[in-house]
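A quick write-up on the structure given underneath.
The values are calculated or read from the model by the stated rules, or taken from the named source; none is laboratory data. Just so you know, these numbers come straight off a predicted model, no measurement behind them. FYI the Cβ positions are ideal-geometry reconstructions off the backbone, even for glycines, and counts take in every protein chain you see. The accessibility values were calculated without ligands, DNA or RNA, using every heavy atom of the protein model including side chains. Shrake-Rupley method; radii C 1.70, N 1.55, O 1.52, S 1.80 Å.
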Amino acid sequence: MRKILPHCLGAAALLVCATGAVADDPNLSGLAATCNNCHGVGGVSAGSSMASLAGQNRAYLEMVMLQWKSGERFSTTMGRLLGGYTEDQIKSLAAYYAEKPWTPAAQELDPKLVRQGGFVLDRCSGCHGKTGGETKTEDTPRLDGQWVRHIDLELAKYRDGTLALPNQKMADNAHKLKEKEVAAIAAFFASQSGEKAETKSK
Amino acid sequence: MNTINRRKFIQALAAAPLASVLTVPTSALAAKKKAKQVVVVGGGFAGATAAKYVQMLDPSIKVTLIEPLKTYTSCPLSNEVVTHHRTIESLQIGYEGLTKRGVEVLHDTVTAIDPAKKSVKTQGGKTLGYDAVVVAPGVEFDFTGVEGYSQEVSEKIPHAYKGAEQTLLLRQQLEGLPDGGVFVIVVPKAPIRCPPGPYERAAQVAYYCLNHGKPKSKVLILDSNDSFAKKALFEQSWEKLYPGMIEWVAGSAGGTVERIDAESRTAATAFDEHKADVLNFIPRHTAGGIAKAAGLTNEAGWCDVVPLTMESAVHKGVYVVGDACKGGTPEFPMPKSAHMGMTQAKVAAGAIVASLNGLAPPVPYYANTCYSLAAPDYGFSVVQVYRVDDNQFVYVKEAGGVSPVDAPAIQRKLEAQYADGWFHNVMADAFT
C-alpha cells in the first residue's frame, strides 16, 4: 500500500489534504469496495443492523477500527477482518469514509418513541450533541440519522456488561439508562436528519 | 466508490506506482474514441457486481449483462424460507437497478464464447463483440455418479440449492413431515457453494420441527466429507438448541450415499439404507456449463484464474468470478460464497477498467464474511482475508477465522442481526 498523503504532516493538515486525494486512490477505493458488501455502496448502509460509515467522524472510525484490530474492543467480525490490514490502510479507510457526505437512513420510526427520546437525552447529549450530530469530540460517533436498529445493538453491547468495550463513560451511561429509555433515545437520534449538524459545522 | 469520477480514477491509476513502470498511452484519457464493450455472462451476485462496478468505474464503457432470468433469488438466507421465517419474495430482486445505472440487461442465455474472435453468441441468436468478458455462470449440478438420481428426479427429491422453485418444493415437503419423521440431507463431496449451507439447513429444519408440532422428528445428514465448515460451532448449536435431533454421519463413517430410490425416498450407502420422510439430495457441483464449453475449466471442472486480476488462466480477456472459480477445497480454500464472489467481481472490474485504459491493474483485495443461522436469533460467522503474493492467493493468518465457540452469549444474537444487515447490503451492492 503506498502512502497516500505523504505531504500531510499535522492532524489539521490531514483533514484538508484528505479531501479528494483519498477518494481518488484506486488502490484505496478497491480496498473500500470490500467494505461495501456489509456497509453499503460508499458506506451508506442498506441494512438496518449495519452502521452507515459515510460522513462519520474520522477520528472515531480510526479509533474503533484500530481497537478492533488489536482486540482491545469487542467485535463480532470486524477484528477478524481488520487483522488483514495495516494501520496505515485503516487510517486511510477512516479518512476515505469520513470525507463522504453523511446520509441519514430512510427509516420508519415510532413517533411516540422519538418524542420520548427527546425528553431523556441529557445522559447522551453531553458527548453526542443535542441531535447526535454535534459531537463534543471527533472520536465520538455522530448518531443523527444512523439506523435505529444499529444504535439499539450498540447500546445492547454496552448494557450487556460482559464485553470488552474501552469507553467506560459510555458503558456507565448505557447502564444507567432505564429499559424504556434505550429504545426512545435510539429512535430520537435515528430520527434526526443530520441537516442541523451539517449547517452548524460549515 | 459510487461517486468516483472516471477521469479521476483513470488519472489516479496512471499515477499509481504499479502503473508508473508502464507506458501510459496518451489515448487513455482521450475523450472521443469508440466505446469499449464489456459483456457479463450471468447475473448472480458476482456477475451483477462485476457489471455494476465496471459501469461505475468507467461509465464510458458499454456494459451488457446477459442473464436468462428476470428475477434473481438469493441462495443466502434461503434456508430461512424453507422454515417459513422469511418469504421467498424477500430474497428476490430484479435487474432494474442495474438498468438505471446504464447497464444493458439482456434476458437471454449465452451458448458460446469465442475468446479468439472476442465475441459471445446467445440462444436468442445474438452475437456480441467484447473487449473483455466476465464469466459468472455459478454452479451447475452433476446428476451422474449416484444411481437413481437425475434432473427429473430432482423435481421430486429436491436439492433446494439453486432457484426459488426448489426451495419452495423443499419447504412444502417439510410442511408435510410427520412428527417423528426423518429429514435426510445428502451432502456431496466438496467443493460446494455455500459450504456451511447443509448444516445450517439441518439446524433450521430442527427449529421448524420444534416450533411446528414435530418435536419428535430427526434430521440425518449423510455426508460424503469427513468435516465441514464451522463444525464446532454447528455441533455446539445443535446440542444446545436441538438436543438429540440432529445426527451427522461422516463419509469415512459410512455417510457417502451411492444410490437413491426416489419412489421410497431411500438413500443407500455402502453400509445402510436410510428411509426418509423428506429426502433432500444435494448433487455434486461443477462450474456452470458455459465455462466448460468455453474451455475455461480444469480437470476438476472449475476455472483457474490469475489472482491479480481474476482473468482466466486459460484465455486472455476472459475474467471468471464467483462460484465457477476454483475454490472451496482444503487445498484451495477460497469459498464459493456470495460475499467472496462479489469481492472477486470488484477485483475483476478494477482490472478490466485499468486494462481497457491501457493501465496496470490496481492492488486486488479479497475478503469473505459468511454468516450461518442456527436459529433466527443464533448466528455465527467465518471470515477470510486473502492477499496475492507471487501470483498466488495467500490466506492472511493474522486475520480470519470463525466466531469463538466460547463467545459471550450476546454474540450469537448480534451475529444473527448482522446476517440480516449483511444480506440487505449485498443485495443493494450487487443489484442496485
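Here are a few things to note about the model shown:
- Some residue of region B:317-328 being within 20 Å of B:Trp302 (Cβ to Cβ) and within 10 Å of another protein chain (Cβ to nearest Cβ): no
- 1 or more residues in contact (Cβ under 8 Å) with a residue 12 or more places away in the chain and buried (at least 22 other Cβ atoms within 10 Å of the Cβ): qualifying strands (runs of 3 or more DSSP E) within region B:106-153: B:110-114, B:119-122, B:132-135, B:139-142
- Evaluated against (1) crowded, with 18+ Cβ neighbours inside 10 Å; (2) in contact with a helix residue (DSSP H, G or I) (Cβ under 8 Å, 6 or more places away or on another chain); (3) modelled with pLDDT of 95 or more, B:Gln173 falls short on exactly one condition, (2).
- Residue that is nearest to the other protein chains (Cβ to nearest Cβ), among those in region B:409-418 that are under 16 Å from B:Phe234 (Cα atoms) and not acidic (Asp, Glu): B:Gln411
- Region B:317-370, residues that are of a type in the set (Lys, Arg) and in contact (Cβ under 8 Å) with a residue 60 or more places away in the chain: B:Lys336, B:Lys346
- Restricting region A:73-115 to residues that are touching a Leu at 6+ places or on another chain (Cβ under 8 Å) and among the β-branched types (Val, Ile, Thr), the residue that is surrounded by the most Cβ atoms within 10 Å (Cβ to Cβ): A:Thr76
- For first residues located in region B:66-78 and more than 13 Å from B:Ser337 (Cα to Cα), partners that are at pLDDT 95 or above and assigned to a loop (DSSP other than H, G, I, E, B) and lie 6+ apart or on another chain with Cβ distances below 6 Å form the pairs B:Ile66/B:Asp108; B:Glu67/B:Gly43; B:Pro68/B:Thr109; B:Lys70/B:His107; B:Thr71/B:Gly94.
- Single match in A:Ala184, A:Ala171, A:Ala190 (criterion: surrounded by fewer than 20 Cβ atoms within 10 Å (Cβ to Cβ) and either modelled with pLDDT of 95 or more or under 26 Å from A:Ala46 (Cα atoms) (or both)): A:Ala171
- Qualifying residue in region B:233-246 (condition: closer than 23 Å to B:Gly327 by Cα and either open to solvent by 40 Å² or more (accessible area, probe 1.4 Å) or among the acidic types (Asp, Glu) (or both)): no
- Which numbered condition A:Gly30 fails, given (1) over 16 Å from the mean Cα position of the chain (by Cα); (2) under 23 Å from A:Lys157 (Cβ atoms); (3) within 11 Å of chain B (Cβ to nearest Cβ); (4) open to solvent by 20 Å² or more (accessible area, probe 1.4 Å): (2)
- Selection status of B:Phe380, more than 8 Å from chain A (Cβ to nearest Cβ), at pLDDT below 95 and closer than 21 Å to A:Leu81 by Cα: no
- Test: residue in region B:80-95 that is surrounded by 22 or more Cβ atoms within 10 Å (Cβ to Cβ), assigned to a loop (DSSP other than H, G, I, E, B), modelled with pLDDT under 95 and not hydrophobic (A, V, I, L, M, F, W, C): yes
- Subset of region B:208-232 (residues that are open to solvent by 20 Å² or more (accessible area, probe 1.4 Å), within 22 Å of the chain's Cα centre (by Cα) and more than 24 Å from B:Asp272 (Cβ to Cβ)): B:Ala229
- Of residues in region A:35-56 being modelled with pLDDT of 95 or more and open to solvent by 20 Å² or more (accessible area, probe 1.4 Å), the one nearest to the other protein chains (Cβ to nearest Cβ): A:Ala46
- Residues that are at negative phi, in contact with a Gly (Cβ under 8 Å, 6 or more places away or on another chain) and open to solvent by less than 50 Å² (accessible area, probe 1.4 Å) within region A:132-146 comprise A:Gly133, A:Thr135, A:Arg142, A:Leu143, A:Asp144, A:Gln146, listed in sequence order.
- Candidates A:Tyr60, A:Tyr85, filtered to the one that is among the hydroxyl-bearing types (Ser, Thr, Tyr) and within 11 Å of another protein chain (Cβ to nearest Cβ): A:Tyr85
- When B:Glu89 is tested against the conditions (1) without any contact (Cβ under 8 Å) to a residue 24 or more places away in the chain; (2) in the same structural domain as B:Ser60 (by TED's automatic domain parsing); (3) of a type outside the set (Phe, Trp, Tyr), the lone failure is (2).
- Qualifying residue in region A:174-184 (condition: within 14 Å of the chain's Cα centre (by Cα) and farther than 21 Å from A:Tyr97 by Cα): no
Every residue, every condition in (1) small (Gly, Ala, Ser); (2) in a loop (DSSP other than H, G, I, E, B), yes or no:
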position	(1), (2)
A:Cys35	no, no
A:Ser45	yes, yes
A:Met50	no, yes
A:Leu53	no, yes
A:Leu61	no, no
A:Lys69	no, no
A:Arg73	no, yes
A:Thr76	no, yes
A:Leu81	no, no
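- Taken over region A:143-164, the criterion of being farther than 19 Å from A:Ser191 by Cβ, more than 8 Å from chain B (Cβ to nearest Cβ) and in a helix (DSSP H, G or I) is satisfied by A:Tyr158, A:Arg159.
- Every residue from region B:236-283 that is of a type in the set (Asp, Glu) and in a strand (DSSP E or B): B:Glu247, B:Glu258, B:Asp261, B:Glu273
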